[in-house]
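The values are calculated or read from the model by the stated rules, or taken from the named source; none is laboratory data. The model shown is predicted, which means the values in this text are computed figures rather than measured ones. Quick reminder, even Gly has a Cβ in these numbers, built from the backbone with ideal geometry, and neighbours come from all protein chains shown.
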Amino acid sequence: MKTIRCQIEKVTPFNDAVYQVFLKPEAAFDFKAGQYLTVVMGEKDKRPFSIASAPNAALIELHIGAAVSESYPMQVVERLQTATHIDIEAPAGEAFLRSESHRPRILIAGGTGFSYIKSIVEAQIANGETINTKLYWGCRNEEAMYYQDIARQWHADHSWLEFIPVVELADGNWEGKKANLLEQIKQDFVSLNGYDIYIAGRFDMVGTARELFRELGIEEAHLYGDAFAFIK
């Protein structure tokens, strides 16, 4: 990784719990779709966030979940809101898109894990890839699904991509699944053998997902998620 100075272009709330951030790096750097960066808050305080933009984008996009005042992520948001520049270290992570693979893909996001998935989908689109892809995004309710418009647009524009939104709480007007995210996947697949699976979200969810996927025959060499480097 290298340290890169970035101009803070914009910090705007998606809702009362998630912020969208755009950074303009002062020096070009290469990264792969699905990698992450760390925001340098101090010499020994570096905080990881998935890069939500594709490698061909002009700006670096982040989605920061910060619902609680004074929380670990809110400290980053407040720094970004008050400063003009920030240092990042990038790129990091091994759960990047394997464009050379022709296996069908399942992309799984819990909450702001969607930022990781967004980079992968936009890279697939930019690369002209048409690999059969199912995108599952799970949230507590529709209000938490802060960027569903773009995901629904991908679904409408690209026949190779199916978006399956999943919420645990929904009213009668909800256009999607009402279930626990992992329970929905278990219901939809008899076997996960033969798929490339990319997953991001809370560590506890990702860990539970791995156990479920083992029961469904996942080939673990084809299960990608940076959380696995931190959970055993």
| task | Filter the range 169-203 down to residues that are touching a strand residue (DSSP E or B) at 6+ places or on another chain (Cβ under 9 Å) and of a type in the set (Val, Ile, Thr) and give me whichever is nearest to ALA221 (Cα to Cα). | result | ILE197
| message | What's the total number of residues in the range 91-136 that are under 10 Å from TYR198 (Cα atoms) and out of contact with any strand residue (DSSP E or B) (no Cβ under 8 Å at 6 or more places or on another chain)? | response | 0
| query | If you check TYR72 against the conditions, is it under 22 Å from GLY110 (Cα atoms) and buried (at least 19 other Cβ atoms within 10 Å of the Cβ)? | reply | no
| query | Got a sec? Which of ILE150, ILE164, ILE218 is under 26 Å from VAL18 (Cβ atoms), in contact with a strand residue (DSSP E or B) (Cβ under 7 Å, 6 or more places away or on another chain) and not assigned by TED's automatic domain parsing to the domain that holds SER53? | reply | ILE164
| request: Return yes or no: is PHE22 in a loop (DSSP other than H, G, I, E, B), at pLDDT 95 or above and within 19 Å of the chain's Cα centre (by Cα)? | output: no
| Would the range 67-82 turn up any residue that is assigned to a loop (DSSP other than H, G, I, E, B) and touching a strand residue (DSSP E or B) at 6+ places or on another chain (Cβ under 7 Å)? | no
| What is the residue count in the range 190-232 for residues that are part of a loop (DSSP other than H, G, I, E, B), modelled with pLDDT of 95 or more and more than 20 Å from the chain's Cα centre (by Cα)? | 9
| note | Residue pairs within 9 Å by beta carbon, gap of at least six or interchain, first lying in the range 203-222 and of a type in the set (Phe, Trp, Tyr), second outside any helix (DSSP H, G or I), listed first then second, are PHE203/PHE230; PHE203/ILE231; PHE213/LEU192; PHE213/ILE197; PHE213/ILE199; PHE213/LEU223
| If you scan the range 20-38, which residues turn out to be farther than 11 Å from HIS85 by Cα, crowded, with 21+ Cβ neighbours inside 10 Å and not small (Gly, Ala, Ser)? | VAL21, GLN35, TYR36, LEU37
| Inside the range 149-188, can you point out the residues that are of a type in the set (Phe, Trp, Tyr) and either in contact (Cβ under 8 Å) with a residue 40 or more places away in the chain or not in a loop (DSSP other than H, G, I, E, B) (or both)? | TRP154, PHE163
| task | Name the one entry in GLU129, GLU143, GLU122 that is in the same structural domain as MET205 (by TED's automatic domain parsing) and either assigned to a loop (DSSP other than H, G, I, E, B) or touching a Leu at 6+ places or on another chain (Cβ under 6 Å) (or both). | result | GLU129
| query | Can you name the number of the only condition in (1) surrounded by fewer than 18 Cβ atoms within 10 Å (Cβ to Cβ); (2) in a loop (DSSP other than H, G, I, E, B) that LYS10 fails? | reply | (2)
| query | Would it be correct to say that PHE22 is outside the structural domain of TYR198 (by TED's automatic domain parsing), in contact (Cβ under 8 Å) with a residue 24 or more places away in the chain, among the aromatic types (Phe, Trp, Tyr) and closer than 30 Å to ALA221 by Cα? | reply | no
